[in-house]
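> Take a look at the following structure, please.
The values are calculated or read from the model by the stated rules, or taken from the named source; none is laboratory data. Since the structure is predicted, the reported quantities are computational estimates derived from the model, not experimental observations. So basically every Cβ, Gly included, is an ideal-geometry build from the backbone, and we count neighbours across all protein chains shown. These accessible areas exclude ligands, DNA and RNA; they are computed on the full protein's heavy atoms, side chains included. Shrake-Rupley method; radii C 1.70, N 1.55, O 1.52, S 1.80 Å.
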Amino acid sequence: MTISMYQASVPVLLHTLDAVSAFLKKAEAHAELRKIDPAVLLGMRLYPDMFALTRQVQLTADFAKGTAARLAGVENPKFADDETTFDGLQARVAKTATFVKGFKPAQIDGSETREITIPIGGQPRTFKGQPYLLHFALPNFFFHAATAYDILRHAGVELGKRDFIGGFKTE
């Protein structure tokens with residue numbers, strides 16, 4: 001049995017966006033319960049040269065929408081990076097999920113060999129669709145989602161592996 005480009009992208013992106021939304025809810029509740037200014041959590045980072053939580057979530061959303069758009073060969077919408085609250089981040093994740101949900105398999109399947117050119121380090125880089133998805137887009141998407149999770153876990157938010165993995169898909 002083969003797996004299609006759509007199956008390897010859209011459901012995977014949506015599943016993890018749901019998990020990100022859920023652990024952001026836990027983080028907001030944690031801040032409220034412990035009387036922590038939410039801005040403290042939103043501004044946390046694991047190391048001084050790494051992005052803060054807010055930027056990690058923004059980049060998670062950016063990789064989700066960018067991946068789907070590029071595989072489908074459509075315009076990648078630009079979102080302002082102006083979120084300063086948990087509600088703002090939740091809205092961004094929701095807006096991203098709505099965009100990604102709008103893709104149909106026929107728009108993405110067959111994109112294995114589509115040329116995708118993106119700037120990396122200010123220089124254009126061209127990929128074929130399948131290597132773009134498997135070796136660039138998904139690893140970056142998961143890196144930023146995992147780093148957001150790690151920041152919150154490090155801050156004491158009660159999260160476990162199941163929070164990152166999300167609900168089980170058995171079919």
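> At a threshold of 8 angstrom on Cα-Cα distance, excluding pairs fewer than six apart, so keeping six or more, what relative contact order does the chain reach in percent?
Answer for the chain is 35 percent.
> Over the alpha-carbon set of the chain, work out the extent along each principal axis and list the three values in angstrom, largest first.
51, 41, 23
> Using 0.36 nm per residue of separation minus the Cα-Cα distance, give me the extension gain between residue 165 and residue 52 in nm, one decimal.
This chain segment gains 38.5 nm when fully extended.
> With every protein chain left in place, what is the accessible area of residue 109 in Å² (1.4 Å probe, nearest 10)?
About 60 Å², ignoring ligands and nucleic acids.
> Let me ask something else. Given R₀ = 35 Å, what would the calculated FRET efficiency be for residue 125 paired with residue 26, taking r from the Cβ atoms and rounding to 0.05?
E between residue 125 and residue 26, to the nearest 0.05, is 0.45.
> To the nearest 500 deg cm²/dmol, what mean residue ellipticity at 222 nm is calculated for the chain from DSSP H runs of n ≥ 4 alone, each contributing -39,500 (n - 2.57), summed and divided by the residues?
-18000 deg cm²/dmol
> Taking the chain, how many lysine pairs are there with alpha carbons less than 16 Å apart, if each pair must be eight or more places apart or span two chains?
10
> Placing +1 on the Cβ of each Lys and Arg and -1 on the Cβ of each Asp and Glu in region 61-171, which of 167, 94, 126 has its Cα farthest towards the positive end of the resulting dipole?
126
> Taking the solvent-accessible surface of protein heavy atoms with a 1.4 Å probe, what is the per residue accessible area of the chain in Å²?
55
> What FRET efficiency comes out for residue 113 versus residue 140 if R0 is 22 angstrom and r is the Cβ-Cβ distance? Round to the nearest 0.05.
It comes out at approximately 0.60.
> A follow-up question, please. Under a 1.4 angstrom probe, counting protein chains only, how are 9, 21 ranked by accessible area, largest first?
Largest accessible area first, the list is 21, 9.
> Using the basic label-point model (7 angstrom from Cα toward the beta carbon), what is the residue 106 to residue 84 distance in nanometres?
Simple spin-label model gives 4.5 nm for this pair.
> Follow-up. How much net charge surrounds residue 152 when only the other residues with a Cβ under 12 Å from the Cβ of residue 152 are counted, with Lys and Arg +1 and Asp and Glu -1?
The answer is 0.
> Mean shadow of region 113-171, computed from the convex hull of its alpha carbons, in nm²?
6.0
> Okay, moving on. Please report, in debye to the nearest 20, how large the charge dipole of region 36-171 is about its Cα centre when each Lys and Arg carries +1 at its beta carbon and each Asp and Glu carries -1 there.
340
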